[in-house]
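A.B. asks: Structure in structure tokens, see below.
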Amino acid sequence: MEKQQEPFPFLPRSEEAERGALGGMMLSPDAAGEISSLLSPEDFFPSPRQHSEIFRAARDLFEEGKDPDLVLVSSLLSSRGVLAKIEGGAAYLADLVSSLPSATNALEYARKVKDFSLLRKVVECGKRIEQIGLESEDAQRAASLAQGEALALGEEASWREVESAGEVARRAASLLKEGDEGPFALTGFRDLDSCLQGFRPGQLIVVAGRPGMGKSALASGFALKAASQGLPALFFSLEMGKDEVAKRMLSSLGQISFEKLERGVVEGQQDLEKLEEGLSALSSLPVFLDDSADLSLLEIRTKCRRQKAKGGLGMVVVDYLQLLSSPRPQENRQQEISGFSRALKMLSKELEVPVVALSQLNRAPEMREGKRPQLSDLRESGSIEQDADVVLLLNRPDAYNPDDRPGEAEVIVAKHRNGKVGSFWLEFEGDFARFSDPQRGF
């Protein structure tokens, strides 16, 4: 009988690694547990030897609390009608076990299986992107779809090995002994820093408020403060052009009226001195602006990685969450926004920097007595509240009533995964597009 031809024999694979991983699972329950958590049936190359089905049987037995030895795996495959379809049958299963001296290297074999699986997915992704390019007449849509394919592949490649809590704690303790608490980015506000102890690498910080509350000004302040600590800040502005963002930062640093900068009517020696002071300060800080339209998470991730490799990266600001574009539109807006917040949290962990994401609140505060926002007001919240390590809600009473605490702004720490929550008051200097610590007791 003519031997059945294996599909796609040219794709990356390692039959030896697959055999070693499967043999190890049937030799050792410990190896079976580790490999079951690392691999899936789809990671095995399709062949007449049905490696994916052998893995599925061994994994299912382990999850039932049984040791997936040769006898039990053979029996389960037989009951499923799969054993007869395996080239070599029961003898092939026995060979998987007998050809492996021990299960010592089984996990290493499994890692190789995972790597080859990812390589095949890279090839398949390239083919799909090629097809998109050949069949589409809409260049922008084609690019968006291609980005979606690549983003999905990036998420597939983001798996990591588990690490013992002892090792993690030992590494953290060594840093403390050296007196280095890590590159925490201070907010620049006394009470807020006392509460949060700065923004930490891997954190997602959400700054939320109704339109016009000063979210962008607050986030600009965070970026400028991080940069002043030597932590390069990358500011993605999806709402304002980078010229406007730069003018706001210039106004804040030079304490020169933003309105004058906008109108181009800077005059008098005092204004010119403030302008030069602001320009000098801003030019010395590692702050980088991007105002690309229809920015996707893949583009943000790519630009962040490039900036980190080129000049370092200490903070990322996204202004704002609801304006991000998705290459793969979801069934509803809430799912789409939830995907954005989840991806930004993953980005913060991957790059080991704090990511500050601005978000709109719904209209509920305006209907509420006192107009004070709360966590449930997050617009299209989905998983924003769940993904965020810190949620700051911005409230300016004078936005609703000019006589209610004029020039003051409340920053509500509504969520703080690593510590206490609370409410703090700042001064809002609208002329300079900035916030500052209060000069008097509020």
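The values are calculated or read from the model by the stated rules, or taken from the named source; none is laboratory data. Quick caveat: nothing in here was measured; it's all calculated off a predicted structure. A quick note on method: Cβ atoms are made from the backbone with ideal geometry, for glycine too, and the neighbour counts reach across all protein chains shown.
A.B. asks: Here is a list of conditions, (1) touching a Phe, Trp or Tyr at 6+ places or on another chain (Cβ under 6 Å); (2) crowded, with 19+ Cβ neighbours inside 10 Å, and PRO12 meets all of them except one; can you say which number that is?
C.D. replies: If we test PRO12 against (1) touching a Phe, Trp or Tyr at 6+ places or on another chain (Cβ under 6 Å); (2) crowded, with 19+ Cβ neighbours inside 10 Å, just (2) comes out false.
A.B. asks: Another question, if that's okay. Determine which member of the set SER252, SER216, SER257 is in contact with a helix residue (DSSP H, G or I) (Cβ under 6 Å, 6 or more places away or on another chain) and surrounded by 20 or more Cβ atoms within 10 Å (Cβ to Cβ). Explain how you work it out, then say what you get.
C.D. replies: Numbers: SER216 fails: in contact with a helix residue (DSSP H, G or I) (Cβ under 6 Å, 6 or more places away or on another chain); SER257 fails: surrounded by 20 or more Cβ atoms within 10 Å (Cβ to Cβ).
From the options SER252, SER216, SER257, the qualifying one is SER252.
A.B. asks: Right, another one. Taking VAL266 and the conditions (1) within 19 Å of LEU358 (Cβ to Cβ); (2) outside any helix (DSSP H, G or I), which numbered condition does it fall short on, given that it satisfies the others?
C.D. replies: (1)
A.B. asks: Please find, among SER52, SER37, SER47, the residue that is farther than 24 Å from VAL123 by Cα and in the same structural domain as GLU124 (by TED's automatic domain parsing).
C.D. replies: On the way: SER52 fails: farther than 24 Å from VAL123 by Cα; SER47 fails: farther than 24 Å from VAL123 by Cα.
Answer to the check: SER37.
A.B. asks: Does region 55-105 hold any residues that are farther than 17 Å from PRO41 by Cβ, under 43 Å from the mean Cα position of the chain (by Cα) and part of a helix (DSSP H, G or I), and which are they?
C.D. replies: LEU70, LEU72, SER74, VAL97, listed by residue number.
A.B. asks: Just checking, does region 273-282 include any residue being within 19 Å of GLY430 (Cβ to Cβ), of a type outside the set (A, V, I, L, M), assigned to a helix (DSSP H, G or I) and assigned by TED's automatic domain parsing to the domain that holds PHE432?
C.D. replies: yes
A.B. asks: If we keep just the residues of region 228-274 that are more than 30 Å from GLU299 (Cα to Cα) and among the basic types (Lys, Arg), which is modelled with the highest pLDDT?
C.D. replies: To start, the set of residues in region 228-274 that are more than 30 Å from GLU299 (Cα to Cα) comprises 254-261, 263-274.
Okay, now just the ones that are also among the basic types (Lys, Arg), so 260, 263, 274.
Details: LYS260: 78, ARG263: 76, LYS274: 81.
Within region 228-274, the match that is modelled with the highest pLDDT is LYS274.
A.B. asks: With respect to the numbered conditions (1) over 21 Å from SER14 (Cα atoms); (2) modelled with pLDDT under 90; (3) surrounded by 14 or more Cβ atoms within 10 Å (Cβ to Cβ), which one is the sole condition not fulfilled by GLU63?
C.D. replies: Unmet condition: (3).
A.B. asks: While we're here: Please verify whether ALA219 is modelled with pLDDT under 90, of a type in the set (Gly, Ala, Ser) and not in a loop (DSSP other than H, G, I, E, B), treating the condition exactly as stated. Break it down stepwise before answering.
C.D. replies: Working: modelled with pLDDT under 90: no; of a type in the set (Gly, Ala, Ser): yes; not in a loop (DSSP other than H, G, I, E, B): yes.
Taking the combined requirement at face value, the residue does not satisfy it.
A.B. asks: Check GLU181 against each of (1) modelled with pLDDT of 65 or more; (2) more than 21 Å from the chain's Cα centre (by Cα) and name the one condition it does not meet.
C.D. replies: Only one criterion in (1) modelled with pLDDT of 65 or more; (2) more than 21 Å from the chain's Cα centre (by Cα) is unmet by GLU181, namely (1).
A.B. asks: While we're looking at this one, here's another question. Going by the conditions given, is SER98 surrounded by 15 or more Cβ atoms within 10 Å (Cβ to Cβ) and not hydrophobic (A, V, I, L, M, F, W, C)? Even if it seems obvious, please write down each step before you answer.
C.D. replies: On the way: surrounded by 15 or more Cβ atoms within 10 Å (Cβ to Cβ): no; not hydrophobic (A, V, I, L, M, F, W, C): yes.
For SER98, the condition - surrounded by 15 or more Cβ atoms within 10 Å (Cβ to Cβ) and not hydrophobic (A, V, I, L, M, F, W, C) - is not met.
A.B. asks: What number of residues in region 233-243 are in contact with a helix residue (DSSP H, G or I) (Cβ under 8 Å, 6 or more places away or on another chain) and surrounded by fewer than 22 Cβ atoms within 10 Å (Cβ to Cβ)? Give the steps one after another, and end with the answer.
C.D. replies: Initially, region 233-243 is screened for residues in contact with a helix residue (DSSP H, G or I) (Cβ under 8 Å, 6 or more places away or on another chain), giving 233-240.
The next check asks that each one be surrounded by fewer than 22 Cβ atoms within 10 Å (Cβ to Cβ); those that pass are 238-240.
Adding up the residues that qualify gives 3.
One line per residue, one yes/no per condition, for (1) touching a strand residue (DSSP E or B) at 6+ places or on another chain (Cβ under 9 Å); (2) among the polar types (S, T, N, Q); (3) touching a residue at least 24 places away in the same chain (Cβ under 8 Å):
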| position | (1), (2), (3) |
| --- | --- |
| ARG305 | no, no, yes |
| GLU350 | no, no, yes |
| PRO354 | yes, no, yes |
| ALA357 | yes, no, yes |
| GLU366 | no, no, yes |
| VAL390 | yes, no, yes |
| ASN395 | yes, yes, yes |
| ASN401 | no, yes, no |
| ALA409 | yes, no, yes |
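A.B. asks: A further question follows. SER252 is checked against (1) hydroxyl-bearing (Ser, Thr, Tyr); (2) out of contact with any Lys or Arg (no Cβ under 7 Å at 6 or more places or on another chain); (3) assigned to a helix (DSSP H, G or I) and fails just one. What number does that condition carry?
C.D. replies: (2)
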